[in-house]
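Every number here is computed from the coordinates shown, using simple stated rules; none is lab data. Remember, it's a predicted structure, so these values are computed and weren't measured experimentally. Please note: Cβ atoms are built from the backbone with ideal geometry, for glycine as well, and neighbour counts cover all protein chains shown.
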Amino acid sequence: MSPSATKEHLSPPITAIQVQLFLFTVACLVAFVWSWIFLGMSFSGITSSFGDVGRLLKRMVPPDFSNISNIVDATIETVWMAVMGTAGAIVLSFPLALGAARNTSPHPTIRYVCRTVISLTRAVPDLVLGAVFVSALSIGPLPGVLALAIHSVGMVGKLFADAIEQAAEAPREATISVGATRRQTTRASILPQAMPSMIATALFRLEINIRASTVLGLVGAGGIGVLIQTSLRSIDYESALGAVSVIFVVVTVVELLSVRIRSSILGEAAAMAQSSRHGWFSQRIIARDTRINKKSFETRALSPPWTWDRMFSTATISGFVLALVVAVLTIDIDWARSIPLMPQIVTVFGDLFPPDFTTVRSEMVTGIVESVVIAVIATGLGLLIAVPLSLLAARNIMIKRILSTVTRLVMLAFRGIPELIIAVIFVSAMGLGPVPGTLALTVVTASFSAKLFAEALEEVDPSPREAVVAVGAGKVQEFFAAVVPQFMPAFTGHFLYILDVNLRSSTVLGIVGGGGIGFLLLNSMRVLEFQTTGAIVISIFAIVLAIELIGNWVRQLLR
């Protein structure tokens with residue numbers, strides 16, 4: 001056999017899927033270059049812009065906590081809004097998830113309708129919903145609670161439905177074989193399997209909603225965001241930093257607690273406890289649970305035993321319910337006045353139709369293009385920063401543990417401040433326009449993406465790495481031959497998710513002067529041009545839906 005024939009035989013065939021993925025990659029690169037030129041970006045300008053932000057941060061130090069009572073009150077209101085919004089999302093999402101899941105939906109039409117509703121709620125940003133609800137109900141925390149509840153259905157409902165569909169079929173078939181009805185089967189065999197994942201999803205959404213509720217005040221929907229914006233507009237930078245510092249502490253603590261609780265509920269903590277590194281306390285838990293499970297099996301108990309995981313889950317649910325009760329009783333909402341105003345929400349949403357695409361058509365097109373451009377550049381720049389950060393943060397890649405720990409702390413510090421708060425700071429330092437909004441979104445993208453990439457790198461199978469090292473490969477060869485091929489599918493999936501998130505965020509950056517369609521949206525509501533508002537909301541929905549469909553198409557190619 002000739003060398004050329006051997007080489008041709010060893011070369012993998014080029015498939016249609018590979019061609020489509022290559023064209024998608026080229027399209028992404030072209031979109032980034034065109035967006036860069038459209039905004040007139042330059043690395044020298046970026047350096048100068050970060051210099052302006054640095055000078056503003058120097059003027060904000062030291063933080064002023066003289067109005068700490070107002071900051072604390074606004075922070076508590078922010079947390080209660082998140083708790084109530086998450087609770088509302090759970091109530092709305094549960095029946096939708098049962099209707100959307102393949103193994104519990106009574107009819108394919110109902111399944112399609114439920115999944116459509118879930119997708120619709122996810123497509124409109126919470127800040128946009130908050131602005132609409134403020135128009136109907138006036139300024140206060142109630143519009144923020146409703147916005148968080150409805151927008152959260154998009155994520156909570158989808159993950160609830162996925163958890164229900166992932167339930168094992170054997171328990172379901174067993175209950176059906178003894179004559180159980182559909183409702184009894186769902187309650188006895190499906191929900192117990194899905195419950196840990198559903199609780200973890202609710203906690204994760206609570207963490208997200210606390211971040212989101214900190215900025216709803218920017219449109220008058222309650223929370224601490226209005227304090228920060230007022231301080232920056234009045235050039236009271238020290239007070240603004242004081243409020244941002246409190247937000248950072250609250251968001252960071254909530255994230256750490258949420259991660260810990262979710263790990264325990266999903267069983268990750270138990271898995272770690274069974275490893276060689278478990279300590280005395282973990283040993284006691286394992287021994288106790290083993291003893292209780294054995295006794296329950298021997299006595300043929302009709303109810304599940306109270307293991308550590310069950311007690312922890314029950315305590316988590318009880319704590320959330322208690323927090324919800326306190327929130328409802330203490331939050332500054334005049335329920336007697338607000339409940340009769342609820343029909344006005346339907347009126348305001350009715351005023352959005354028919355949408356008016358003609359009055360500000362040119363400004364709308366410019367704003368939409370600007371939002372897409374901001375999202376593309378922020379995603380591209382953020383990934384360029386995130387990849388090296390993730391290599392430093394991944395504990396199985398970075399040999400020096402101290403460097404990995406420091407990198408993770410830096411990433412956590414930036415994740416502790418919501419993107420719109422960072423955007424407000426950048427706009428205050430650089431002025432109005434899309435560039436400060438782009439750079440603010442880039443900072444958030446870098447910190448968030450680096451966390452996702454680091455976790456994906458830590459999950460790679462070590463066997464291929466050991467194999468290439470065994471045949472004499474160096475560190476660089478090992479990385480590119482054994483790590484990168486395993487990492488690329490996760491990288492692509494995270495890239496699509498980040499682009500989707502950034503596009504949603506870019507549509508509201510204009511509310512704080514960061515460019516995009518959000519500025520036009522806020523102005524249309526201020527002058528009561530609700531039909532123009534409806535056209536803008538529909539445009540935002542169409543963009544987000546288009547990106548989501550493209551993402552689903554690429555994910556199907558990768559399977």
Tensor-based shape of segment 504-559 (alpha-carbon gyration tensor, a/c under 1.5 rounded, otherwise prolate or oblate): oblate
Cα lying deepest toward the dipole's positive end in the chain, options 74, 105, 230, charges on Cβ: 105
Virtual spin-label span in nm between residue 109 and residue 300, 7 Å along Cα→Cβ: 4.6
Ordering of 489-501, 172-184, 415-427 by packing [mean C-beta count within 10 Å, highest first]: 415-427, 489-501, 172-184
Value of Rg/Rh across segment 67-153 [Cα atoms, Kirkwood radius]: 1.12
Protection-proxy order for peptides 51-62, 238-249, each taking the mean of Cβ atoms within 10 Å per residue, highest first: 238-249, 51-62
Whole-percent pair-distance distribution, where bins are 5 Å wide, for the alpha carbons of segment 388-430: 5, 24, 20, 14, 13, 11, 9, 4, 0
For 151, 107, order by how many other beta-carbon atoms lie within 10 Å, fewest first: 107, 151
Inter-label distance, nm, simple model (7 Å from Cα along the C-beta direction), residue 44/residue 138: 5.5
Rotationally averaged projected area of segment 428-543 (alpha carbon convex hull; nm²): 9.4
Length released on extending from residue 59 to residue 409, taking residue separation times 0.36 nm less the Cα-Cα span: 123.6 nm
When the convex hull of its Cα atoms is projected in every direction, mean area for segment 395-475 (nm²): 7.0
Computed helical MRE - 222 nm, the chain, DSSP H runs ≥ 4 contributing -39500 (n - 2.57), nearest 500: -25500 deg cm²/dmol
Charge dipole (the chain, unit charges on Cβ, about Cα centre) - positive-most of 454, 539, 54: 454
Gain on full stretching of the segment that runs from residue 253 to residue 362 - 0.36 nm per residue minus C-alpha separation: 34.8 nm
Values of log10 I(q)/I(0), in the order q = 0.05, 0.08, 0.11, 0.13 Å⁻¹, for the chain under a Debye, Cα-only, solvent-free model: -0.24, -0.62, -1.16, -1.55
Test item: Cα-centred dipole of segment 467-559, Lys/Arg +1 and Asp/Glu -1 on Cβ, debye: 100
Projected label distance in nm at residue 329 and residue 347, using a 7 Å step from Cα toward the beta-carbon: 3.4
Gain on full stretching of the segment that runs from residue 233 to residue 400 - 0.36 nm per residue minus C-alpha separation: 55.7 nm
The chain, relative contact order [Cα under 8 Å, separation at least 6], %: 18
